[in-house]
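The values are calculated or read from the model by the stated rules, or taken from the named source; none is laboratory data. Note that the coordinates shown come from a computational prediction; the quantities given were computed from them, not determined experimentally. Ideal geometry is used to build each Cβ from the backbone, glycine not excepted, and the neighbour counts take in all protein chains shown.
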Amino acid sequence: MITIKEILKELETANSNTKQCAIIWELGNMGSKAEKASSKLSEILKKDTDWRRRSFAAWSLGRIGGKKAQKTLESIAKKKEEDEIVQHGAKWALYWLKIKLTCVPTDGPCTLEELKALEGNNSERITHL
């Protein structure tokens with residue numbers, strides 16, 4: 001089995017944006033098992049110049065969870081001069097963390113319909129995240 005350290009090394013040496021995004025996404029798919037990657041993903045989310053890598057990092061941090069991920073996502077979500085797409089991704093990732101912390105039995109991303117059901121069909125709140 002490949003280690004997080006090996007995956008992060010592959011991320012550093014990837015020669016295309018598409019490959020980097022795929023690696024970042026895969027870290028998110030690993031969930032809490034990839035918590036050691038939170039520092040690198042937080043760095044990408046805060047400092048990278050590409051909105052795609054930053055958005056993927058936000059998504060992944062939401063799936064990985066933990067205090068570091070939550071803190072980083074909150075700072076991006078509140079930042080007034082932030083890229084709109086990245087900020088929206090951070091807000092959704094925070095919402096996912098909230099759902100995850102309430103022990104919703106799911107291993108994958110929720111659909112909008114599932115999120116609405118969990119929120120008691122409060123669609124106004126969901127669409128304004």
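Per-structure values
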| read-out | value |
| --- | --- |
| Scan of segment 71-99 for residues that are more than 19 Å from Glu35 (Cβ to Cβ) and among the β-branched types (Val, Ile, Thr), ordered by number | Ile85, Val86 |
| Residue check for Leu8: assigned to a helix (DSSP H, G or I), touching a Leu at 6+ places or on another chain (Cβ under 6 Å) and modelled with pLDDT of 95 or more | no |
| Matching residues, segment 5-43, being of a type in the set (Gly, Ala, Ser) and buried (at least 19 other Cβ atoms within 10 Å of the Cβ) | Gly28, Ala34, Ala37, Ser38, Ser42 |
| Filter result (hydroxyl-bearing (Ser, Thr, Tyr) and at pLDDT below 90) within segment 61-106 | Tyr95, Thr102, Thr106 |
| Some residue of segment 13-28 being in a helix (DSSP H, G or I) and closer than 15 Å to Leu73 by Cα | yes |
